[in-house]
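Here the structure is laid out as structure tokens; the discussion comes afterwards.
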Amino acid sequence: MTGYARGGGESARRWVARGRGLLRFAAVLAADVLDRIPMEPGVYLFRDARGGVVYVGKAKNLRTRVRQYFREGGDERFFVAAGFLGRAVADVETIVVSSSKEALLLENHLIKKHQPRFNVKLRDDKQYLVLRLVDPKPASETEGKRNLFPRVEVVRNIRDDHARYFGPYHSATSARETLRTLNRHFQLRTCTDHVLETRGRPCLQYQIKRCSGPCAIDVTAAAYAEQVEDVKMFLSGKNAELLSRLRDRMGVRAEREDYEVAAVLRDSIEAVERTLAKQHIVQDDFVDQDVWGLFREADVVEVVVLFVRGGKLVGRRAFQQKDQELSDATVIAEHLQQYYATGTFIPDEIVVGVELEDAELLGDWLSSARGARAQDQAAVAAARHAGAAARARDQERRVGDGQPARSRRRHPG
């Protein structure tokens, strides 16, 4: 039983094919349906006999991509379909969209919504943290000193708020230990914005020389901004440049016989040197990288991402999945999409050990997400709302077999 639906607009099309098992299903597709699949970008969904989504994929050309699952010719998709996927597939449907990028965004959204059993799942049972720091800005009547004297915060989500984010950290202990190191040696405030605005005298952190005391002490904006810049260099791995800055300032303070401040700078220098000694240097430049790799053993596939910050290996994250028969390139590509779609930090470079089919598309999407994540999220939301509207408009339409047509209207942008 097959059907083809038009939703009232040139980009609002979905087709559905039904059959019994892969062999009959493949024959039905080859004989009756494959040639009717649009040769346009979009998303395809494989459904089981109960209508549940078991796999979601995207394509620049839907007809070409779906054919590869049901036509023997050396492509790995046929062997995937003939094996584990074929045992579950009963229906196929596609959604045509206006561009490959929109297809990628919709694919991410549908995978998150349906959690298909045969798509990659990011499972490592860990929550990762990042450090957030904003650049100092002039104080305003509405926000007071909070802009002038920012603090470093431990957060779980990255927002498009013009702040700087550093990490991720593989544990809360690691993130908070880094925060303690910053407070101990660079003396940024730790108090809340409310305390900063209302406190009348310095707290204990100031007394033990772990805060410069902007809540109650006359700290200059220039001096605090210099401390913020030190912290940014430290967290970015620019330790050589930071050490040079600190040594120059320590020398100036010593010449002025300001030995107390010189001693604080000396301690900061020693802290940076200790941190540098612990870190494993993997490259000579200061580029932030995520390096992705994959390993298979028996029925288990493990995908690992190494976090390189400022040329130094600072952490790793691993994902395991059993009975995953998709190709290495597909597994890594799906991990990349799902991982960076969650709002995590996107570094300067992402390195993978295999050739990805949609590398250019992924690169464009990642560049856009890194610079304007809010716009990407808005596009996904717009797609979701457009889909709901199209279903409401088209629910009374009938096609070939007399069944209600299911369709979505997709609008560019």
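Just so you know, all these numbers are worked out from the coordinates, no wet-lab data involved. The structure displayed is predicted, hence computed values, not measured ones. A quick note on method: Cβ atoms are made from the backbone with ideal geometry, for glycine too, and the neighbour counts reach across all protein chains shown.
Before moving on, here are some points about what is shown:
- Put simply, when 103-114, 289-300 are sorted by average Cβ atoms within 10 angstrom per residue, most first, you get 103-114, 289-300.
- Rounded, prolate or oblate (a/c below 1.5 giving rounded, otherwise prolate when a/b exceeds b/c) for segment 205-264 by Cα gyration tensor: oblate
- When you filter the GluC sites (Glu not before Pro) in segment 213-263 for DSSP loop state and at most 16 other Cβ atoms inside 10 Å of their Cβ, you are left with GLU257.
- Between ALA225 and ALA263, full extension at 0.36 nm per residue minus the direct alpha carbon distance yields a gain of 11.7 nm.
- Amide H to amide H, with H built 1.01 Å from N, VAL351 comes under 5 Å of ASP290, VAL291, TRP292, counting only residues 5 or more places away or on other chains.
- For segment 299-308, 3J(HN,Hα) per residue [Karplus equation, 6.51 cos²θ - 1.76 cosθ + 1.60, θ = phi - 60°, Hz, x = Gly/Pro]: 9, 10, 10, 10, 10, 10, 10, 9, 9, 10
- Counted residue by residue at 0.36 nm each, then reduced by the alpha carbon distance between them, the extension gain from LYS121 to VAL134 reaches 1.4 nm.
- Between segment 310-364 and segment 175-214, the Cα center-to-center distance that results, in Å: 37 Å
- Computed over segment 170-314, the Cα gyration tensor eigenvalues convert (square root of 5λ each) into semi-axes of 35, 20, 12 Å, ordered from largest to smallest.
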